[in-house]
Each structure stands twice: as C-alpha cells, then as structure tokens.
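Remarks on the structure that follows.
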Amino acid sequence: MKTFGKRSLLILLLLLISSAGLFAADNTHIDSGATAWMLTSTALVLLMIPGLAMFYGGLVRSKNVLGTIMHSFVAMGIISVLWVIVGYSMCFGKNVLGGWFGWNSDYFFLKGIDTNIMDAGIPEYVFTMFQGKFAIITPALIAGAFAERVNFKAYCFFIAIWSLLVYNPLCHWVWASDGFLFHLGAKGAIDFAGGTVVHISAGVSGLVAALFLGARRGYPYQVIRPNNMVITMLGAGLLWVGWFGFNAGSSVSSGLSTAQALTATQVAAASGALSWILIESFHQGKATALGFASGILAGLVAVTPAAGVVQPYGAMILGLLASLVCYSAIQVKNRLGYDDSLDAFGIHGVGGIVGAILLTFFIRPSWMKEAATAAGGHWSLWNQLGVQGLAVTIAIVYAAVMTYIIIFILNKFIKFKSSESDEMAGLDRSYHGERGYGMLNPS
Amino acid sequence: MKLITAIIREVQLDKVREALIEADIKRITVSRVSGHGQQRIEEMYRGQIIIPDLIPKIRIEIGVNDAFVDITVNAILKAARTNGAGNVGDGKIFITPLEECIRIRTGERGGTAI
C-alpha cells in the first residue's frame, strides 16, 4: 500500500513535469522545414552504416564477410543503447570534471527532453538521434584497421568503452557549446561534420589497434584479396549518398548553409574519386573500381570538417589533395608492412588530417570577416591554421593514448586478437557459426 | 605420374597450402566441395540443432611425378590432421594413376609438363 502511494505520487510528479514541458514547448515554434530535413539526414547517416558494412564486407576474404559486416551492425545496437543512456549527456551536457566531458541529468535516458524544442526549431529528439548516428559510425570505422583477426566479444567491449572514453569527450570538446575546442581562437576550431571527432579519432585509434594486435596470419606474403568487389562498390555508393545527411545535416537547419555543405560534399567526392583513378592510372596503369571507391571516401572524409566553410573550388582542391595524400599514405603503409587491413587510418585518419588542416586555405571570406570581428579586428589565415593544427594534434594524441590504454587493459580480460585457429577458420564460423556464401570458390 | 586428390577440412586449407609450399609443391588446384563421410556435425540455425547431410570440404588436386608422391602425401598428412592425433572428419587422400599430362601452352607431354 505504501509503495502504491509512492508510485501514484511519482506519476503525479511526472505528469506535472511533462505538462510543464508542454507549456515550454508552446513557446518555441517548430520549424517544420528544418525538422523534415533533419529527420531525412538522420535516416541518411544511419544508411551509411550498412553502407560501411558492405564496403568493408566486400574487401575481406569470404570466410570473414559476415564477421566484418557484423562489426558495423553490432555498433548500431551497442552504441545506440549507450547513446540514449549516457552518450548524449556526456557529449552535450554541461562541462564536468574540468570539461573532460559533459553531463546533464535531464539527458540521462533522454528522460528530460520528451517535449523539448531546440532554438533551431527542431525537436531535441531529432537532434539527439542525428548525433547518435555519428557516435555509431565512428567506432564502426575503426573495425577496418583490424579486420579479419579480432575476437567478436572483445570488439563489442572495445567499441562500448571507446565510445564512452574517446568519442564522447572529443564530441563534447568540439561540438558542445561549452567545449574548449568549440571556443579555441576567434570562432572556434572548424570541424563542421566530424573531421577530428569522427575521422581522425577513428583513423588514429585504428592505427594504434592494428599495431597492438599485429598483422593477420600470412600478411603480407600471402595475397589477401577482396571476396566481392560488387558489394564494396554498392557500399561506397551508399556511403556517398548517406554523406549528404552527414555533412548537409550538420548545419542543423534547412537553408543556405545546408546548401553550401551539400554542394561542397558532392564536389569533393567527385574530385577525390577522379583524382584517385588518375593517380592510379599513371602509377599502376589501370583505373580500378577499388581506387574509385577509395577516392570517393578520401574526398568525402577531407570535406567533412570543411563543408561549412569552403566554396566549391576549395572542395574540389581538397578532394584532389586528399586522394593524393591518402594514395601516398597507402604506398608508405605497404613499405612499412603494418597491417591496417582496410586502410582505416590510410583514408579516414590521413584524409581527416588533410581536410582539417588544409581547409584553412579555402575558408570563404565572410567567415574570416566574422572571425576578425569576434577576435576584435584582426584574424588571419595563419591564426586559424594554428587553431586547426592544435585541434588536430589534440585529437590525435588523445585518441592514440586512450585507445592504447583501453586495449591494453581490455586485453588482460579478453584476448583481443583471434586465436590462430579462429582466424584460420574465419570470423564467420568461429564467432557467429554461420557462413556468408553458399558454394563459392575459396579465397 | 600420379594424381593426388585430397579432401580436407575447410579450416585446414591455409596450413596445408603452407606445408605444400614448404615442400616445394606449388602447382595445385583447389575447389570447394561438399560431401558425406563418417563425420557428423551439429549446427545451430535459429536456435534449432540441425545436422547437415552434406558437409562442406575443400578438395585439392595435385598432379605429381612418382618421386614426389610421398613428399606431397606427407605434407598433406602433417598439415591436415587436427590436434596431433587426428579427428573424424580430417579427410582422405586418394592417389590415382595419371595416364598423361599435357601443357597446353607448349604441347609438351609427360613428366616435364607437370
């Protein structure tokens, strides 16, 4: 009886809170145009994750195709749940622990935002779901660095802890209104849609993990070829399409800045892809499908931090430079012999760094004027370059150190690398008890 | 000349290939096959135990000159046997006489063409 009384009191309290929320909602107007586009963007970013699963899945051997696809899919499960429980709060709450990450008890289980409408005119649920998709794809990108040789259970724990300790703090620093990188310099470090938060952090963490785990059995003397380039190309296509949500959605509006980001995205992807097959044609004599797909990604990754501030010519040059530098990075990897299996660092890490640094030279004049006003009269390109360099360095160092610590400790509890027999049998059979294909020839 | 046909576990393919390469046997044909022997395996499909009547295996075919038969067979035996003592399902090796071998490019025949 006593508990019943307590419960009814609680329900009454909840009703009061929610009706208070309703009154608050009446004061803020929903911008249905912006909301519609943000809903679309949220779906588009989610589409990138099966896209990534297909892109990576096609590149591994047939015995690992499902295991690799599951690396992306399981992130949709684990990170979505974590995001609702604490992720959104850690990213977009108020500074705690000296600004290491954020916290807002209203965001815990998203319980306090049921009726919130943000200043941008969109329900806060839309914003949190949109941001949650970024949190999903980032750890899934890392999986490309250690494909074909990682224990599934250890991977699940790894992405959960990595998301909490690396992604959420970085996201808070760069995108929360009280994050310290958000306020670096005159108008903040420029990271429109996640060059540092998503691509540099994933790429660098991937490199650290790949070095820690060591190479796959037989690498590099045994030729390890893609099992199905067709699904890789379809995956690359889905990533390109989804990227419009990723970049143009990051304007959190439906207007001029959305259009600017959308255009920059298309231009950079196209110029990246074209540059890659041109470079490849000169260097190796043939334009490969994998090269075209890699170029698409290099261009998209490089324009991710830049999409809000560069004009089409800048995006075009960024795409070209990204392909040039990423292509070289992969050649260097082949010389050095470390096994970044699907070039998560070579494309996302390197491309992210190229974009975040070089975007400085293509910032549209109006942005520089606003920055100058904010700085009190003068703000040069070189000032901004310093800010970008600092933000990139912080992201690299933080991601590298934290990833190393996480893997080092996790490895004491669950062996991160597959045992030799599991690796030989393939991830599909060892961890999932399934096979991707029926009776294709072994590869 | 002999034709050596080995049916092995899928998982042992890497090891067998490595052993063959080490024994300097580098010309092989590999295919994915399925069949049924003494081995019975249980698989899970949607929570139900099923016993597939055909089990996937790897078939390796190698044409060799008589002097290489033992070397090849030993390499396969060593690499395809699991857990040292061997298990049901490790596979079989068949050796059949090979009447002729012709290299298509040159038309050479016999032992030199292998």
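What follows is calculated from the coordinates using simple rules that are stated; it is not laboratory data. Values in this document were obtained by computation on a predicted structure and should not be read as measured data. Methodologically, a virtual Cβ is constructed for each residue, glycine included, from the backbone with ideal geometry; neighbour enumeration extends over all protein chains shown.
Each of the GluC sites (Glu not before Pro) that DSSP puts in a loop and that has at most 10 other Cβ atoms within 10 Å breaks chain B; the longest unbroken stretch is B:43-98. The coefficient of translational diffusion for the protein assembly as shown, derived via Stokes-Einstein from the alpha carbon Kirkwood radius under 4 °C and 1.567 mPa s, stands at 50 µm²/s. With the simple spin-label model, which puts each label point 7 Å out from Cα in the Cβ direction, the B:ALA113 to B:ILE49 separation comes to 5.2 nm. Adding -39500 (n - 2.57) for every DSSP H run of four residues or longer, then dividing by how many residues chain A holds, sets the calculated 222 nm ellipticity at -21000 deg cm²/dmol. Sequence-distant contacts, meaning Cα pairs under 8 Å at least 6 residues apart, place the relative contact order of the stretch A:90-152 at 15 percent. Using a cut-off of 23 Å between Cα atoms, the listed pairs A:LYS63/A:LYS153; A:LYS94/A:LYS412; B:LYS2/B:LYS26; A:LYS63/B:LYS57; A:LYS153/A:LYS412 include A:LYS94/A:LYS412 as exceeding that distance. When A:TYR155, A:TYR431, A:TYR404 are arranged by Cβ crowding within 10 Å, least crowded first, meaning fewest neighbours, the order is A:TYR404, A:TYR431, A:TYR155. Straight-line cross-link reach from A:LYS111 at under 20 Å between alpha-carbon atoms covers these aspartates and glutamates, not counting any fewer than eight positions away in the same chain: A:ASP26, A:ASP119, A:GLU124. For the stretch B:2-113, the Kirkwood radius over C-alpha pairs fed into Stokes-Einstein at 37 °C and 0.692 mPa s yields D = 212 µm² per second. Taking every alpha-carbon pair under 8 Å whose residues sit at least 6 apart, chain A reaches a relative contact order of 23 percent.
Each of A:PHE55, A:PHE408, A:PHE134, A:PHE146 was scored by other Cβ atoms within 10 Å of its Cβ. Listed from fewest to most, they are A:PHE408, A:PHE134, A:PHE55, A:PHE146.
Over what distance in Å are the Cα centres of the stretch A:372-443 and the stretch A:88-152 separated? Result: 18 Å between the Cα centres. Cysteine residues of the protein assembly as shown whose Cβ has no partner cysteine Cβ closer than 4.7 Å: A:CYS156, A:CYS326, B:CYS101. Stretching A:ARG335 away from A:GLN311 to a fully extended chain increases their span by 5.0 nm, per 0.36 nm per residue minus the current alpha-carbon distance. Neighbour counts of other Cβ atoms within 10 Å put A:MET90, A:MET229, A:MET424 in the fewest-to-most order A:MET229, A:MET424, A:MET90.
Here is how the number arises for chain B: DSSP H runs of 4 or more residues each give -39500 (n - 2.57), the sum is divided by the residue count, and the result at 222 nm is -6000 deg cm²/dmol. With everything on Cα atoms, drop me the angle between helix B:69-80 and the longest principal axis of chain B, reported from 0 to 90° to the nearest 10. Long axis of B:69-80 versus the principal axis of chain B: about 20 degrees.
Between A:SER281 and B:ARG27, the C-beta separation translates, for a Förster distance of 25 Å, into a calculated FRET efficiency of about 0.15.
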